[in-house]
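Enquirer: First, the structure itself, so that you have it in front of you.
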Amino acid sequence: QGRLVESGGGLVQPGGSLRLSCAASGRTFSSYDMGWFRQAPGKEREFVAAITWSATSTYYTDSVKGRFIISRDSAKNTVYLQINSLKPEDTAVYYCAAAVRGISTREYDYDYWGQGTQVTVSS
């Protein structure tokens, strides 16, 4: 059974940066497309970014384009989300997820989920 564990969240000032990591264990996720989602207080979980298994294509929601970068290191079975120029509205729990059937922006297309890591942007 595969497991995803996020890390790297924390409290950061507006304009700051963080790098989130999603480490996979129990199985190799190198052939899975991977995504990051986030859920802000009182809101539904939303798509943030995704990367194909080959890392040849990436996708971002409009609000993070130019600020967030998704990447993966298959040798380490790890996916990253570099988040820059953080804004208070980026405050959320960030989740990584793995999709067996192909890349998607819809959370119900993802089969494995991590427990999330909190990102708080505040001065």
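The values are calculated or read from the model by the stated rules, or taken from the named source; none is laboratory data. The model shown is predicted, which means the values in this text are computed figures rather than measured ones. Quick reminder, even Gly has a Cβ in these numbers, built from the backbone with ideal geometry, and neighbours come from all protein chains shown. Ligands, DNA and RNA are excluded from the accessible area calculation, which covers all protein heavy atoms including side chains. Shrake-Rupley method; radii C 1.70, N 1.55, O 1.52, S 1.80 Å.
Enquirer: Suppose we keep only residues that are within 17 Å of Cys96 (Cβ to Cβ) and either at pLDDT below 95 or open to solvent by 20 Å² or more (accessible area, probe 1.4 Å) (or both) within the range 35-51. Which one would you say is farthest from the chain's Cα centre (by Cα)?
Expert: Within the range 35-51, the match that is farthest from the chain's Cα centre (by Cα) is Ala40.
Enquirer: I'm told Gly26 meets every condition in (1) under 22 Å from Val119 (Cβ atoms); (2) surrounded by fewer than 16 Cβ atoms within 10 Å (Cβ to Cβ) except one. Can you identify the failing condition by its number?
Expert: (1)
Enquirer: Further question on the same structure: Out of the strands (runs of 3 or more DSSP E) lying entirely within the range 71-123, which hold 1 or more residues that are more than 21 Å from Ala24 (Cβ to Cβ) and modelled with pLDDT of 95 or more?
Expert: Passing ranges, in order: 92-99, 117-121.
Enquirer: Output the number of the condition that Glu89 fails; it satisfies all remaining conditions of (1) open to solvent by less than 70 Å² (accessible area, probe 1.4 Å); (2) closer than 15 Å to Leu11 by Cα.
Expert: (1)
Enquirer: Identify all residues within the range 50-68 that are in a loop (DSSP other than H, G, I, E, B) and of a type outside the set (A, V, I, L, M); write none if there are none.
Expert: Selection gives Thr52, Trp53, Ser54, Thr56, Ser57, Thr61, Lys65, Gly66, Arg67.
Enquirer: Is the range 58-66 home to any residue that is surrounded by fewer than 13 Cβ atoms within 10 Å (Cβ to Cβ) and over 30 Å from Ser123 (Cα atoms)?
Expert: For the range 58-66, residues surrounded by fewer than 13 Cβ atoms within 10 Å (Cβ to Cβ) and over 30 Å from Ser123 (Cα atoms): absent.
Enquirer: Separate question: Might you check whether a residue that is among the aromatic types (Phe, Trp, Tyr), touching a helix residue (DSSP H, G or I) at 6+ places or on another chain (Cβ under 8 Å) and at negative phi occurs anywhere in the range 92-99?
Expert: The answer is no, given that none of the residues of the range 92-99 is among the aromatic types (Phe, Trp, Tyr), touching a helix residue (DSSP H, G or I) at 6+ places or on another chain (Cβ under 8 Å) and at negative phi.
Enquirer: Right, next: Which of the residues belonging to the range 104-123 are touching an Asp or Glu at 6+ places or on another chain (Cβ under 8 Å), surrounded by 16 or more Cβ atoms within 10 Å (Cβ to Cβ) and within 17 Å of Gly2 (Cβ to Cβ)?
Expert: Once the filter is applied, which keeps residues that are touching an Asp or Glu at 6+ places or on another chain (Cβ under 8 Å), surrounded by 16 or more Cβ atoms within 10 Å (Cβ to Cβ) and within 17 Å of Gly2 (Cβ to Cβ), the range 104-123 yields Gly114, Gly116.
Enquirer: Name the residue that is least open to solvent (accessible area, probe 1.4 Å), counting only residues in the range 1-13 that are touching a Ser or Thr at 6+ places or on another chain (Cβ under 6 Å) and on the phi < 0 side of the Ramachandran plot.
Expert: Glu6
Enquirer: Cβ-Cβ under 7 Å, sequence separation 6+ or interchain: first residue in the range 39-68 and closer than 18 Å to Asn84 by Cα, partner open to solvent by 90 Å² or more (accessible area, probe 1.4 Å) and part of a strand (DSSP E or B). Which pairs?
Expert: Ala49/Tyr59; Ala50/Tyr59
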